[in-house]
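The values are calculated or read from the model by the stated rules, or taken from the named source; none is laboratory data. Here the structure is a predicted model, which means the values were calculated and not measured. Note that each Cβ is placed from the backbone with ideal geometry, even for glycine, and that neighbours are counted across all protein chains shown. Accessible surface areas use protein heavy atoms only, side chains included; no ligands, DNA or RNA. Shrake-Rupley method; radii C 1.70, N 1.55, O 1.52, S 1.80 Å.
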Amino acid sequence: MKNPFEKMPTVLTADELIDKAFRRAEKAASAFTPKGGPRAKARQREELRVRTVSNVVRDNLRKLLDRTPGVSELPAFYRELVDTLVDRDQFHRSLARVNWAIKTIRNLEQRYVEKIRYSRDPDEIARLRRAFYGRVADVLRDIADDLEYLNQARNVLKDLPVVDLELPTVVIAGHPNVGKSTLLRALTNARPEVATYPFTTKGINVGQFEEHYLKYQVIDTPGLLDRPLSERNEVERQAILALKHLGKVIVYIFDPSEYCGYPIEEQTHLFEEIYAEFGEFPFIVVLNKVDIADEEKIRKVEEFVRAKGLEPLRISALNGEGIEELKERVIELVKPMVEEQARRIMEKELRKYREELEL
């Protein structure tokens, strides 16, 4: 699975597009050698300018529409992620305005080319071409805000995480700075930014590892704060989307050392919220930073977790303590899902192979 917006092109501003089209028209006219008398030559040059401006503008705008996927056709994960990051209604309105501009400029081209062909006055022909230029510039300036919005949206959407939506996924969750990115790095091939201050993770980081030829996907979500879902910010909502659409197993991290900046009481309160909302998923609870945490605080968290019917695991993601045991637990839960997915892929390929043999 690729980022569905990776081919969305950079969107020129209205003035940039106007300048590009007019320069291209002048270059084309300069290189053109018309035939006939003065009037015929004037017609041919001005018609060429009009058509070149129209083609350049429409080609640029059409490329934007063609390379921008329809949001409603995206998988649920990406569809809701787009809703989180940009205003979907505004996004659709701006694309519709671009489509309007393409049709309007095409109609203007046809009308002005016809007028130029029937004109007998070279000065009138030049005036018609200038009038066409002015109308095109007006159309583009009418959608200037839409072009600017779409370019801003493109700069956000091109950085969407690349996630294999068919692969059963392990989601790492917990408060900021409890060690989610460090754990992702310890488990997989991912190399997310890791630092010792909150809110380091700006989006969703994805990593994978293989075990006995089977592939496992793990994602690190942005820090989930101890607040109601309705009060979460943009980055936090990305984490909720990941849990909702991708998660098959949730690895929940506690930091009993409290070096993350959140006391144990806040961490347990957040776990209650997440566990109640996503309790249908298998949970693996880990206590990170046990190499620097107070034993009394570790046991306090362990008692809380065991009261939920879960058996916590002590780890230190930074130095590798407990990572192999954690990986074994992950594989135990996810392996049946991965095997089922691999079986479906194999059956699909076999059907395709048989169909090709029958042709």
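Close Cβ contacts (under 6 Å, 6 or more residues apart or on different chains) running from residues in the stretch 1-21 that are over 18 Å from Asp146 (Cβ atoms) to residues that are open to solvent by less than 10 Å² (accessible area, probe 1.4 Å) and among the aromatic types (Phe, Trp, Tyr) comprise Pro4/Tyr78.
Taken over the stretch 246-283, the residue count meeting the criterion of being β-branched (Val, Ile, Thr), buried (at least 20 other Cβ atoms within 10 Å of the Cβ) and out of contact with any Gly (no Cβ under 9 Å at 6 or more places or on another chain) is 2. Counting only residues that are open to solvent by 30 Å² or more (accessible area, probe 1.4 Å) and part of a loop (DSSP other than H, G, I, E, B), the stretch 71-94 holds 2 of them.
Of the residues making up the stretch 121-149, just one is under 13 Å from Val57 (Cα atoms) and without any contact (Cβ under 8 Å) to a residue 24 or more places away in the chain, namely Asp138. Would the stretch 163-170 turn up any residue that is closer than 30 Å to Ser257 by Cα and touching a strand residue (DSSP E or B) at 6+ places or on another chain (Cβ under 7 Å)? Yes, the conditions are met somewhere in the stretch 163-170. Kindly establish whether Ile323 is crowded, with 19+ Cβ neighbours inside 10 Å and not acidic (Asp, Glu). No, not satisfied.
Results for (1) small (Gly, Ala, Ser); (2) touching a His at 6+ places or on another chain (Cβ under 9 Å); (3) at pLDDT 90 or above; (4) under 30 Å from Glu328 (Cβ atoms), shown as yes or no for each residue.
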| residue | (1), (2), (3), (4) |
| --- | --- |
| Asp142 | no, no, yes, no |
| Asp145 | no, no, yes, no |
| Asn155 | no, no, yes, no |
| Glu166 | no, no, no, yes |
| Asn189 | no, no, no, yes |
| Tyr197 | no, no, no, no |
| Phe209 | no, no, no, yes |
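Of the residues that make up the stretch 104-117, is at least one within 17 Å of Asp59 (Cα to Cα) and aliphatic (A, V, I, L, M)? Within the stretch 104-117 (the criterion being within 17 Å of Asp59 (Cα to Cα) and aliphatic (A, V, I, L, M)), the answer is yes, since at least one residue qualifies. Here is the figure for the stretch 10-36: residues that are surrounded by fewer than 15 Cβ atoms within 10 Å (Cβ to Cβ), part of a loop (DSSP other than H, G, I, E, B) and not β-branched (Val, Ile, Thr) total 3. Whether any residue in the stretch 57-64 is crowded, with 16+ Cβ neighbours inside 10 Å, of a type in the set (Val, Ile, Thr) and within 33 Å of the chain's Cα centre (by Cα) is what I want to check. Checking the stretch 57-64: at least one residue is crowded, with 16+ Cβ neighbours inside 10 Å, of a type in the set (Val, Ile, Thr) and within 33 Å of the chain's Cα centre (by Cα). Evaluate the stretch 293-312: report whether one residue or more is under 19 Å from Lys180 (Cα atoms), open to solvent by less than 70 Å² (accessible area, probe 1.4 Å), touching an Asp or Glu at 6+ places or on another chain (Cβ under 7 Å) and without any contact (Cβ under 8 Å) to a residue 40 or more places away in the chain. No - not one qualifying residue is present in the stretch 293-312. Scanning for something over 30 Å from Leu241 (Cα atoms), modelled with pLDDT under 95 and of a type in the set (D, E, K, R), does the stretch 87-99 turn up at least one residue? Within the stretch 87-99, none of the residues are over 30 Å from Leu241 (Cα atoms), modelled with pLDDT under 95 and of a type in the set (D, E, K, R). The single condition from (1) open to solvent by 40 Å² or more (accessible area, probe 1.4 Å); (2) without any contact (Cβ under 8 Å) to a residue 60 or more places away in the chain; (3) more than 19 Å from Arg154 (Cβ to Cβ) that Arg39 fails is (2).
Among the residues of the stretch 119-172, the one identified as among the polar types (S, T, N, Q) and part of a loop (DSSP other than H, G, I, E, B) is Ser119. Of all residues in the stretch 160-184 being open to solvent by 20 Å² or more (accessible area, probe 1.4 Å) and charged (D, E, K, R), which is nearest to the chain's Cα centre (by Cα)? So, considering only residues that are open to solvent by 20 Å² or more (accessible area, probe 1.4 Å) and charged (D, E, K, R), the one nearest to the chain's Cα centre (by Cα) is Asp164.
Let's see how each residue does on (1) over 27 Å from the mean Cα position of the chain (by Cα); (2) at pLDDT 90 or above:
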residue: Tyr213; (1), (2): yes, no
residue: Arg227; (1), (2): no, no
residue: Ser257; (1), (2): yes, yes
residue: Tyr262; (1), (2): yes, yes
residue: Ile274; (1), (2): no, no
residue: Val285; (1), (2): yes, yes
residue: Arg299; (1), (2): yes, yes
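Could you tell me whether any residue of the stretch 99-120 is hydroxyl-bearing (Ser, Thr, Tyr) and either without any contact (Cβ under 8 Å) to a residue 24 or more places away in the chain or open to solvent by 50 Å² or more (accessible area, probe 1.4 Å) (or both)? Yes, that holds for at least one residue.
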